[in-house]
1. State which residue is nearest to Ala67 (Cα to Cα) when the search covers only region 1-16 and only residues that are in contact with a helix residue (DSSP H, G or I) (Cβ under 7 Å, 6 or more places away or on another chain) and not in a loop (DSSP other than H, G, I, E, B).
2. Given (1) under 13 Å from the mean Cα position of the chain (by Cα); (2) surrounded by fewer than 11 Cβ atoms within 10 Å (Cβ to Cβ); (3) among the hydrophobic types (A, V, I, L, M, F, W, C), where does Leu16 come up short, assuming only one miss?
3. Among the listed residues Gln88, Gln120, identify the single one that is without any contact (Cβ under 8 Å) to a residue 60 or more places away in the chain and farther than 22 Å from Ala25 by Cβ.
4. Would you check if Ser73 is at pLDDT below 95 and of a type in the set (Ser, Thr, Tyr)?
5. Being in contact with a helix residue (DSSP H, G or I) (Cβ under 6 Å, 6 or more places away or on another chain) and closer than 24 Å to Asp113 by Cβ narrows it down to one of Leu89, Leu23, so name that one.
6. With the checklist (1) on the phi > 0 side of the Ramachandran plot; (2) touching an Asp or Glu at 6+ places or on another chain (Cβ under 8 Å) in hand, flag the one item His2 doesn't pass.
7. Return the residue satisfying two criteria in turn: it lies in region 69-121 and is hydroxyl-bearing (Ser, Thr, Tyr) and in a loop (DSSP other than H, G, I, E, B), and of such residues it is surrounded by the most Cβ atoms within 10 Å (Cβ to Cβ).
8. Say whether the condition of being under 22 Å from Asp7 (Cα atoms), assigned to a helix (DSSP H, G or I) and touching a residue at least 12 places away in the same chain (Cβ under 8 Å) is met by at least one residue in region 42-53.
Amino acid sequence: MHPGQADGLSWEDYRLCYGAFELQADPDRPFAPGGESWSDFVGRVRATLDRFAERFDGQTVIAVSHAGFIVVSLLDRFCIPPSGPRAQLEPTHTSLTEWRVTNKVWRLERYNDTYHLVGQS
């Protein structure tokens, strides 16, 4: 999510400047001036996934992203609303998430795979 003018602020400083941010209560509110709203971010992730599936149909695509993109891909493809404080998806740094698209049907092949980190210190 593009944070706009909140970029680089701690959560404490963010709250002092912009107040609390409740995704479910106000998904169209920009995170901060010049930033995206949750709805904007979900739309951007959805459009990117759809564009990849169409443009690279039948091919393998490797994309590097932040965890937020991965979380939204799961929420969007499985039609799951944001969960608030009840549950969270937190992909591990450098974990692998794999989607397969066949005939416009999305299938999650793996999520948060960290096997490549086994034995690393």
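1. Ala6
2. Single failed check for Leu16: (1).
3. Values: Gln88 fails: farther than 22 Å from Ala25 by Cβ.
It is Gln120.
4. For Ser73, the condition - at pLDDT below 95 and of a type in the set (Ser, Thr, Tyr) - is not met.
5. Values: Leu23 fails: closer than 24 Å to Asp113 by Cβ.
When all the criteria are applied, what remains is Leu89.
6. (1)
7. Per the criteria, the residue is Ser95.
8. So in region 42-53, the residues under 22 Å from Asp7 (Cα atoms) come out as 42-45.
Next, only the ones that are assigned to a helix (DSSP H, G or I) stay: 42-45.
Now drop any that are not touching a residue at least 12 places away in the same chain (Cβ under 8 Å), which leaves 42, 45.
Yes, region 42-53 contains a residue that is under 22 Å from Asp7 (Cα atoms), assigned to a helix (DSSP H, G or I) and touching a residue at least 12 places away in the same chain (Cβ under 8 Å).
The values are calculated or read from the model by the stated rules, or taken from the named source; none is laboratory data. Owing to the predicted nature of the structure, the values given are computational and were not obtained by experimental measurement. Note that each Cβ is placed from the backbone with ideal geometry, even for glycine, and that neighbours are counted across all protein chains shown.
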